[in-house]
1. When you go through C:83, C:152 one by one, which is the residue that is of a type in the set (A, V, I, L, M, F, W, C) and in contact (Cβ under 8 Å) with a residue 40 or more places away in the chain?
2. In contact with a Phe, Trp or Tyr (Cβ under 9 Å, 6 or more places away or on another chain), in a helix (DSSP H, G or I), surrounded by 14 or more Cβ atoms within 10 Å (Cβ to Cβ) and more than 8 Å from chain B (Cβ to nearest Cβ): does that describe residue C:83?
3. Looking at the stretch B:22-39, is at least one residue of a type in the set (Val, Ile, Thr) and in contact with a strand residue (DSSP E or B) (Cβ under 8 Å, 6 or more places away or on another chain)?
4. Every residue in the stretch B:55-64 that is within 14 Å of residue B:198 (Cβ to Cβ) and at the interface with another protein chain (Cβ under 10 Å from one of its Cβ atoms), please.
5. In the list A:27, A:35, A:72, A:46, which residue meets the criterion of being farther than 26 Å from residue D:24 by Cβ and either surrounded by fewer than 23 Cβ atoms within 10 Å (Cβ to Cβ) or in contact with a Pro (Cβ under 7 Å, 6 or more places away or on another chain) (or both)?
6. When the residues of the stretch A:23-37 are narrowed to those that are assigned to a helix (DSSP H, G or I) and at the interface with chain D (Cβ under 8 Å from one of its Cβ atoms), which ends up nearest to residue D:9 (Cα to Cα)?
7. Just to be sure, is residue B:111 modelled with pLDDT under 90 and either under 25 Å from residue D:77 (Cα atoms) or touching a Gly at 6+ places or on another chain (Cβ under 7 Å) (or both)?
8. Just to be sure I understand, how many residues within the stretch C:199-223 are assigned to a loop (DSSP other than H, G, I, E, B) and surrounded by 22 or more Cβ atoms within 10 Å (Cβ to Cβ)?
Amino acid sequence: MADAVIVVALLLVAASATAAVAARDPVRQALVLSVLGVVLAILFTVLQAPDVALSQLAVGSALTPLLLLLAVHKVRRRGRREGPRR
Amino acid sequence: MDDLLPLLVAVPLLGAALLVAGGRLVPRPVAETVGCAVAATTAALALVLLLNSSPPFLEWAGGWTPVNGRSVGIVLIGDGPGLGMAALASLLTLAALAYSWHYFDEPPSGHAGSFPALLLLFQGGMCGFAIAGDLFNAFVWFELMGVAAYALTGHRVEEARAVQGALTFAVVTSLGAYALLMGIGLLYARTGELGMHAIGRGLDAHGRPDALVLAAFVLVMTGLLVKAAAVPFHFWLPDAHAVAPTPVCMLLSGVMVELGTFGVWRVYGTVFAGPGGVPAPEFERTLVTLGALAAVIGAVMCWYQRHIKRLLAYSTVAHTGLFLIGVGVLKPEADDGIALYLLGHAGVKAALFACAGILLDRYGSVDEHALHGRARELKGVAVLFTLGGLGLAGLPPFGTALGKSVTEEAVGGPLTVLYVAASAVTAAAVLRVAGRVFLGLGPKPADGTGSGYETTGSGERPETRHRLSRIPDTMTAVPAVLVAGSLAVGVVPGFAKVVAHSVNETGSAGVAASAHWTPAGVLLGLLSTLLAGVLALLAVTRPKTFAAPDRALWLRRLQSGHVGDYVAWVLVGATVLGALTLPGLLGG
Amino acid sequence: MSRRFRLWLVAVGGAGLAALFTAAALDLPAFGGDHHPYGDRAVHASLSRHTANVIASVNFDQRAFDTLGEMTILFAAVIGCGALLRQTRDEHRATPEPQEVARPVRRYALLVLPVALLTGLYVIAHGQLSPGGGFQGGVVAATSLHLLYLGADYRALERVRPVALYETGDAVATSAYVVTGLAALIGGSAFLANTLLPYGTFNTLSSGGTVPLLNAAVGMEVACAVVVLLARFLDQAVEIEEGNGT
Amino acid sequence: MGVLPYLVAGWVFLTGCYGLATSRNLIHAVGCLSVCQAGTYVLLLAVGYRHDATAPVFSDLKPGSRPVVDPLVQALTLTDVVVGATVTALLLALVVQISKRHGTVDPDELSELRG
């Protein structure tokens, strides 16, 4: 039983990692990455690593996508405003 | 005494934390003085430990001394090579801090301490990596070294090139670090240990090497060789070293890249050298091949540069190639030679970067063509730069010459030719720059871009707030001391013997070799210096024939500045590593 | 270099590495195996020092030196981001216009904020007992503070978040960790040795010797670091503008 | 089942590398690097797993009553997660500056450092 859950979680990780690479738009990628973070947290929980799951949930599915979105926001905002500056 | 080993890391880290906490309260000179004091304290500690490191220290962090030969703690190795690297890193950090004294561009408001603090963190990371005896701990310090170095490289955020080079550096090195971690995971799966010696014993207990050992070797070496900038992992280096602030360049080229080579030596010797690891002939083939490629490509690319800092960066590629060959042949004499060569090279290379930095801050350019004849007034700097070039060529009695001759004798055969040629070509490029920039020799080169596929050194901004009209004494004193240090490595009687003793005590199974000047070595050193001089003279007088940039265009095109290309090369490099190491493992 | 050539390189390099890794995976001990010598020793050592959460014991006692490196990496990233995302001479600050937030969102954010903050602190405090600890709790606490951005506005966030103070807090927490390590050294033991304090009663908040201290230092460091990191990025995303026409 | 977790780890790592090499947007590339790193987490935790074992936390478990999974790899992964987040932050800071100084975040259009 536990094995079946682990296999499913592993396949989900592989699928969402692939999706995160395939999502070429950074905003969409940030969202997929946060899904990947949640899926990884689930995998870690079934692998009996609650500590890591917690930090993956906090870092991988919240902090990292948030930073990515903020960076996208900054880049797009200045893209709208003006061209390159040196 | 052993207990003091972790302080090599703790002192700079504490210093950095204090600088950040108090940085906004104190004026800049105080912050810089504190930075220098902390770096100097660490250097002194490293030297004291180094002098007492026979027999080598083994320290268990957290006091977890082994029970029945096994521990749960982290082991630190305080042997000659490790402490030597820590001392070198600390001394160069001190030099970098002294060089940037007062001169460096206005720090961000309220962050007087942030630049020295980052340098101290960098120092802490390098010291930690040098004394790490535990593979995962080495990874942690490797990352700290990386994170501090990325931030320092991109520190001049107003420079388009600086931020691009820093990003390339960060992406490629981080990828290397993750490869290293994958390798650690594989080794842990096999042996269930993390200490380097413990892993080595575990591998030997398992019997003959198999695909797992090979994969772990490839992944771990990928991480370390990315740091050591072996071909084809080297692309990040010129991009990063050419754009980093000068004091940081001194550290990057002088010691950080060499720590990658040191890591290869340490990890192979402790983890993979046994019967369960990678057989010696395979290791030798792999490292000599990659090292020779790096030496050749580094030397050729160095020759065709006109951006002076980039030129120096390529000469670092060539020289680390030579170091890798020396480590690869697995002979005690070669180890001694490399240790001396590395010390001499660190002084010379850091001094050369310091001189290039003076040019940048005085003239707002590091372009060989644009600066033609403009630096005639800087007599002292000219002397230092030329001495640096001669040191790079291996003119006796520089430490580089001693190290090179000892290594040449150990490797023998056609590899000797490579040593002479690579050092001669890189030195010739430096001497060519010296002749043109400081003496105004030869016709003034056309200022336009040749093939269009090159990085010129113009359009760089000085690192000081204003262009310097007078060079501060600290900025000339630092390269002078560094060149003197490089000379001392070769001249001080008995120094070579001490280095050889402490290197052989840990590596090479206790076989003691001696390192000293030999007539053949002196002759080879003179020969490469002569070659360098002749080449430089020809290049200056006949620029059309000898420095046509289109000759190596295909090679230059590989250096595209595109981070995706570099990542692709890392993957190819890992595959090449595997292919080179595979045959010996199939045979058994 | 053309894109096609790069793809070829990736294909060759990736295929080689994939083949190598697959061959290695076949040689690995099967998943779920029973051979974990270091792990078993770590469990034993943790119990002998009355630390219920073995991972906390590994992080803050047995391999506390690694954690020192880890928190320094975070610290270096904070200083590094501060230096990289500083306001340069050609940039100026623009006051962000207050944004309308839907009332339910606002109410929800203000309701969740204290809960999340407390959860973070709870997770930090129980690090040596239950899953969680300085890292996880620190990140949760720091992120929860930013709900204020949603719940009120950027100004309110800036008021409760003087970045300078948090940066100092970050540095102080890092020094506290190092000083705890040094105290053990001065006390006649090794650097970062867990010998200063009694190990306490198993499974209580004060058990584990210096583990709770180091855990708290890391919690404070991580919380401050994440606040500062997010502040730097928010600053860039919301406030700092390039001076056009200057 | 025996090798599946390891293969998934390798797959995730290499997929991230592929994305990194072919990325047309540096922010996307940074995301791909964190995918690479996810591969290392999976590998480490898979290595430490033990069948029919529980988490190594003894707050409500009598010591010795059940086997526990390897706590070491979990501590390593924890460190790794934090390191990953910091590297991501630093890289993004550099990307933000690149977009300011070069006016683009497409690596194909960055042509300052060549030859």
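The values are calculated or read from the model by the stated rules, or taken from the named source; none is laboratory data. The shown structure was predicted, so the numbers you read here are calculated from the model rather than taken from an experiment. In this analysis, Cβ positions are derived from the backbone assuming ideal geometry, glycine residues included, and neighbour counts consider all displayed protein chains.
1. Details: C:83 fails: in contact (Cβ under 8 Å) with a residue 40 or more places away in the chain.
C:152 is the lone residue from the list that is of a type in the set (A, V, I, L, M, F, W, C) and in contact (Cβ under 8 Å) with a residue 40 or more places away in the chain.
2. On the way: in contact with a Phe, Trp or Tyr (Cβ under 9 Å, 6 or more places away or on another chain): yes; in a helix (DSSP H, G or I): yes; surrounded by 14 or more Cβ atoms within 10 Å (Cβ to Cβ): yes; more than 8 Å from chain B (Cβ to nearest Cβ): no.
No: the conditions fail for residue C:83.
3. First, pick out the residues of the stretch B:22-39 that are of a type in the set (Val, Ile, Thr): B:26, B:30, B:33-34, B:38.
Narrowing further to those that are in contact with a strand residue (DSSP E or B) (Cβ under 8 Å, 6 or more places away or on another chain): none.
Taking every residue of the stretch B:22-39 in turn, none turns out to be of a type in the set (Val, Ile, Thr) and in contact with a strand residue (DSSP E or B) (Cβ under 8 Å, 6 or more places away or on another chain).
4. Here is the first cut: in the stretch B:55-64, the residues within 14 Å of residue B:198 (Cβ to Cβ) are B:58, B:60, B:64.
Hits for the stretch B:55-64 are B:60, B:64.
5. Values: A:27 fails: farther than 26 Å from residue D:24 by Cβ; A:35 fails: farther than 26 Å from residue D:24 by Cβ; A:72 fails: farther than 26 Å from residue D:24 by Cβ.
Going through A:27, A:35, A:72, A:46 in turn, just one is farther than 26 Å from residue D:24 by Cβ and either surrounded by fewer than 23 Cβ atoms within 10 Å (Cβ to Cβ) or in contact with a Pro (Cβ under 7 Å, 6 or more places away or on another chain) (or both): A:46.
6. Step one: of the stretch A:23-37, the residues assigned to a helix (DSSP H, G or I) are A:26-37.
So of that shortlist, the ones also at the interface with chain D (Cβ under 8 Å from one of its Cβ atoms) come out as A:26, A:29-30, A:33, A:36.
Details: A:26: 23, A:29: 20, A:30: 21, A:33: 16, A:36: 13 Å.
That would be A:36.
7. On the way: modelled with pLDDT under 90: yes; either under 25 Å from residue D:77 (Cα atoms) or touching a Gly at 6+ places or on another chain (Cβ under 7 Å) (or both): yes.
So residue B:111 passes the test.
8. Taking the stretch C:199-223 and keeping what is assigned to a loop (DSSP other than H, G, I, E, B), we get C:199-210.
From what's left, surrounded by 22 or more Cβ atoms within 10 Å (Cβ to Cβ): C:208-210.
The total comes to 3.
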